[in-house]
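Accompanying notes for the structure given below.
The values are calculated or read from the model by the stated rules, or taken from the named source; none is laboratory data. Just so it is clear, the model here is predicted, and its values are computed rather than measured. Every residue, glycine among them, receives a Cβ derived from its backbone with ideal geometry; neighbour counts consider all protein chains shown. Heads up: the accessible areas ignore ligands, DNA and RNA and are worked out on the full protein's heavy atoms, side chains in. Shrake-Rupley method; radii C 1.70, N 1.55, O 1.52, S 1.80 Å.
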Amino acid sequence: MTAPDPAPQATRPVLPVRPELAGEVPYGAPQLDVPVLLNVNENPYAPSPEVVADIAAAVAEAATGLNRYPDREFLALRADLADYLAVESGVRLEPEQVWAANGSNEVMLHLLQAFGGPGRTAVSFAPTYSMYPEYARDTHTRWVAGRRTEQFDVDPAEARTLVAREAPSVVLLTSPNNPTGTALDLATVREVLDAAAEVPGGCVVVVDEAYAEFRREGVDSALTLLAEHPHLAVSRTMSKAFGLAGARVGYLAASRELVDALRVVRLPYHLSAVTQATARAALRHAPELMAQVGSLRAERDGLVATLRGRGLRVAESDANFVLFQVHGDRHEIWQGLLDRGVLIREVGPEGWLRVSVGTPEETAALTAALWEVLGT
């Protein structure tokens, strides 16, 4: 009796993947089931029962019409967002000056689709959000990163030089910056806007304010510059301050002309009826949700003081996270915290770690584990 032929080995399909994507892996932070999750800058507070009930009712109403496509212009949501920004920043916008998408990630992709592309350049200042070069890659936009200072600021003179040399079509500024938490002063933003205005063919300046609600008193939003700078766009998100990371709602404020350019590249009906209903319901509870933001600011400032009190260098933060410097192997320290049930983020310059602001109980667990790992 002869042995059966061995099963044929499965062959990997030959796929025409774009060369610049070969070997790339999807973006994403570790998603692990541990007691203390402080690695992706989420709001630690779940929506209240009142907010949940309002969202559930709004979604139920939207569900009765799910056989129809959603409102592709979603002007009601854009009007609600404009009303919120008028209270939050003191800047009154028309609904047509607001745009929204599935998270600020999609807003950023719309911007690079509209203003980037082959033969064009986007610039930013590292260290900064690690998705920016991926937006550039995915839209065939050349990517150039200048450097931030030792204090993680942007030097206005160096910024002007970079913009003049590279002649970009898009400049990405992050304020507060991720992963450092650093906010830019408006004088620096104005310098970049002035430099961008001199670029032949035009240049859009995007100020990513995903964490703006957590900024300290006296730190102004770039929204206050919109009226005088039609090539400025300011992006926000409902993932952080509103605690709606699972809903995926990001938005942007800009001139009507800039927003209209984004309407050209968006996919048809990109914002579902359920998403629109969820966001509008949450916006009705903005005062309650902003009260939580105040407690998170206080928790952040207390954590900064605690870390500095143990001799650690900590970056100034206007966000809902803190970047701190450690001595020794940062991966071993990260692993030591994970072994004790605390997950933070190994990101940023070498020798630094980032931790999201959590509840007081989570902060206590973090610091207890950290002192144990550091042996202090």
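When the residues of segment 279-325 are filtered to those that are loosely packed, with under 15 Cβ neighbours inside 10 Å and among the small types (Gly, Ala, Ser), which remaining residue is nearest to residue 54 (Cα to Cα)? Ranking the candidates gives 291 first.
Within segment 263-277, the set of residues being part of a helix (DSSP H, G or I) and surrounded by fewer than 20 Cβ atoms within 10 Å (Cβ to Cβ) comprises 263, 264, 265, 274. Go through segment 178-192 and give me each residue that's touching a strand residue (DSSP E or B) at 6+ places or on another chain (Cβ under 9 Å), more than 8 Å from residue 319 (Cβ to Cβ) and either in a loop (DSSP other than H, G, I, E, B) or of a type in the set (Ser, Thr, Tyr) (or both). Result: 179, 180, 182, 184, 188.
Applying a threshold of 9 Å to beta carbon distances and a minimum spacing of six or more residues, or different chains, the list of pairs starting in segment 136-158 at a residue that is free of Cβ contacts under 8 Å to residues at least 40 places away in the same chain and closer than 26 Å to residue 114 by Cα and ending at one that is charged (D, E, K, R) and assigned to a strand (DSSP E or B) reads 136/142.
To keep it simple, each residue is scored yes or no on (1) over 27 Å from residue 285 (Cβ atoms); (2) in a strand (DSSP E or B).
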position: 216; (1), (2): no, no
position: 220; (1), (2): no, no
position: 224; (1), (2): no, no
position: 240; (1), (2): no, no
position: 251; (1), (2): no, yes
position: 261; (1), (2): yes, no
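State yes or no: is residue 114 of a type outside the set (Val, Ile, Thr), open to solvent by less than 20 Å² (accessible area, probe 1.4 Å) and closer than 30 Å to residue 348 by Cβ? When the stated conditions are applied, residue 114 does not pass them.
Filtering 310, 300 for residues that are among the basic types (Lys, Arg) and over 26 Å from the mean Cα position of the chain (by Cα) leaves a single hit, 310.
Residue count for segment 307-328, restricted to those that are touching a helix residue (DSSP H, G or I) at 6+ places or on another chain (Cβ under 6 Å) and more than 30 Å from residue 82 (Cβ to Cβ): 4.
Here's the yes/no breakdown for (1) touching a residue at least 60 places away in the same chain (Cβ under 8 Å); (2) aromatic (Phe, Trp, Tyr); (3) touching a Ser or Thr at 6+ places or on another chain (Cβ under 6 Å); (4) loosely packed, with under 11 Cβ neighbours inside 10 Å:
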| site | (1), (2), (3), (4) |
| --- | --- |
| 14 | no, no, no, yes |
| 17 | no, no, no, yes |
| 23 | no, no, no, yes |
| 27 | yes, yes, no, yes |
| 36 | yes, no, no, no |
| 51 | yes, no, no, no |
| 54 | yes, no, no, no |
| 58 | yes, no, no, no |
| 64 | no, no, no, yes |
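Would you call residue 358 open to solvent by less than 10 Å² (accessible area, probe 1.4 Å) and under 24 Å from the mean Cα position of the chain (by Cα)? Judged against the criteria, residue 358 is a match. From the list 337, 366, 323, the lone residue that is more than 30 Å from residue 75 (Cα to Cα), in a helix (DSSP H, G or I) and in contact (Cβ under 8 Å) with a residue 40 or more places away in the chain is 366. Of everything in segment 124-139 that is among the aliphatic types (A, V, I, L, M) and surrounded by fewer than 21 Cβ atoms within 10 Å (Cβ to Cβ), the residue that is nearest to residue 350 (Cα to Cα) is 126. Would you tally the residues in segment 340-355 being closer than 14 Å to residue 30 by Cα, outside any loop (DSSP other than H, G, I, E, B) and open to solvent by less than 30 Å² (accessible area, probe 1.4 Å)? Total meeting the criteria: 4. For the residues 228, 209, 217, the requirement of being open to solvent by 70 Å² or more (accessible area, probe 1.4 Å) and either modelled with pLDDT under 95 or in contact with a strand residue (DSSP E or B) (Cβ under 7 Å, 6 or more places away or on another chain) (or both) singles out 217. Yes or no: residue 235 assigned to a strand (DSSP E or B), in contact with a Gly (Cβ under 7 Å, 6 or more places away or on another chain) and open to solvent by less than 40 Å² (accessible area, probe 1.4 Å)? Yes.
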